[in-house]
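Where a number appears in this text, it was derived from the coordinates with a stated rule and is not lab data. Being a predicted model, the structure only gives us computed values, none of them experimental. When we count neighbours, we look across all protein chains shown, and the Cβ atoms used for this are built from the backbone with ideal geometry, even at glycine.
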Amino acid sequence: MVFRSAQDLDLESAKKATKNIIDVIVDFLNSVEAVFPNSGYGDLSKNMCYLRNDVNNCKGPFLDLSQIDRYIGSLLDAFTRMNPDIEKNLRDLYDAYVEVSDFLVNNNTNIDFKLLDFDPHKVTKMRNNVFDSNLILFTLKQENYRDKVALRALFSSFSSVVETTEKSFLDELLKYRDRINQFAINNQIQYIFPHDPVSIFGIEGKIQRTNGKYYTKPRALRHLINHDHVTINQNNGSMNIHFQSPSDPSWEFQFDEKYTVEEFFDYYANVDLFYKTAVCLMFSLMLNAVLKTCFKS
């Protein structure tokens with residue numbers, strides 16, 4: 001895979017990059033193990049901690065290729081089988097990044113592929129925005145879905161997580177798809193990028209816009225939340241949520257769905273798990289590049 005910035009890391013910077021990436025992965029594995037005890041995620045977390053310590057204490061390259069492949073292979077297997085409902089999305093996401101990288105390498109496009117480059121600021125931002133949702137989800141569940149303040153916080157968290165994740169990954173992947181397809185056209189190459197990024201990120205589908213393009217369903221819900229096109233109805237201690245696009249013809253998509261709070265909570269939890277797993281999947285690819293570039297003997 002293309003990963004140019006790893007080549008610019010000195011030993012200490014590579015150690016720090018490895019630690020930052022593994023910290024995120026370990027936090028996620030531990031959170032999954034807490035929900036599904038004895039499922040193997042705790043053991044994988046321990047193995048990653050051993051790797052983090054070995055990297056921190058090393059004096060230079062010390063891993064052979066088979067060791068690195070075992071570490072990364074175990075992560076990719078764990079993340080793609082996290083939930084059967086999103087397994088295909090995650091495998092397609094991995095395949096899409098491999099497809100982009102392979103095309104750029106094999107066709108000498110001179111297009112920089114920096115999406116998987118290690119950026120400590122991106123790691124920090126993704127970690128804060130994506131993993132902060134744990135507390136909000138827990139609080140709402142503890143309140144038995146009756147706390148309107150927590151529900152509003154859930155909307156805010158949902159909006160922030162969708163924006164951060166899709167801008168960091170989906171929007172960039174769409175740009176590379178378009179650049180690759182245009183390069184193929186300009187150079188008369190019989191090729192069309194085989195993956196649909198919007199479908200990959202579209203948990204429960206995608207929503208057609210008036211311009212013929214599509215939003216993922218999470219992004220459509222985010223737009224409705226941000227423009228206050230969501231109503232919370234309370235009756236006899238229970239709450240229902242109504243997402244409805246305005247009748248204004250200038251609004252760019254049509255949407256009208258109702259949820260119980262429990263249903264929306266479950267939907268957000270599913271989207272949240274996909275985003276967390278997708279982030280860790282991408283960090284695993286970053287880790288793969290750092291290990292092979294800086295620590296392979």
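Give the order of 149, 271 when sorted by the count of other beta carbons within 10 angstrom, beginning with the fewest.
In increasing order of surrounding Cβ atoms, one gets 149, 271.
Could you tally the net charge around residue 288, taking each other residue with its Cβ under 12 Å from the Cβ of residue 288, Lys/Arg +1 and Asp/Glu -1?
Its environment carries a net charge of +2.
Would you mind checking the tilt of helix 11-35 against the longest principal axis of the Cα atoms of the chain, expressed as 0 to 90 degrees and rounded to 10?
On a 0 to 90 degree scale, this one is about 40.
Please work out how much length the chain gains when fully extended from residue 238 to residue 108, using 0.36 nm per residue of separation minus the C-alpha to C-alpha distance, in nm with one decimal.
40.9 nm
Between residue 31 and residue 47, what length in nm is gained on full extension when 0.36 nm per residue of separation is reduced by their alpha carbon distance?
4.2 nm
Would you list 294, 280 from fewest to most Cβ contacts within 10 Å?
294, 280
Give the relative contact order (percent, whole number) for the chain; include only Cα pairs under 8 Å separated by 6+ residues.
RCO, the chain: 30 percent.
Simple spin-label model, 7 Å along Cα-to-Cβ: residue 16 to residue 160 in nm?
Simple spin-label model gives 2.6 nm for this pair.
Specify the angular offset, from 0 to 90 degrees and rounded to the nearest 10, of the alpha carbon long axis of helix 65-80 from the longest principal axis of the alpha carbons in the chain.
10 degrees
Note the full-extension length gain between residue 185 and residue 210 as 0.36 nm times their separation in residues minus their Cα-Cα distance, in nm to one decimal.
Taking residue 185 through residue 210 to full extension adds about 6.3 nm, to one decimal.
Tell me the label-point distance for the pair residue 257, residue 87, using the 7 Å Cα-to-Cβ offset, in nm and rounded to one decimal.
For the pair residue 257/residue 87, the computed spacing is 2.3 nm.
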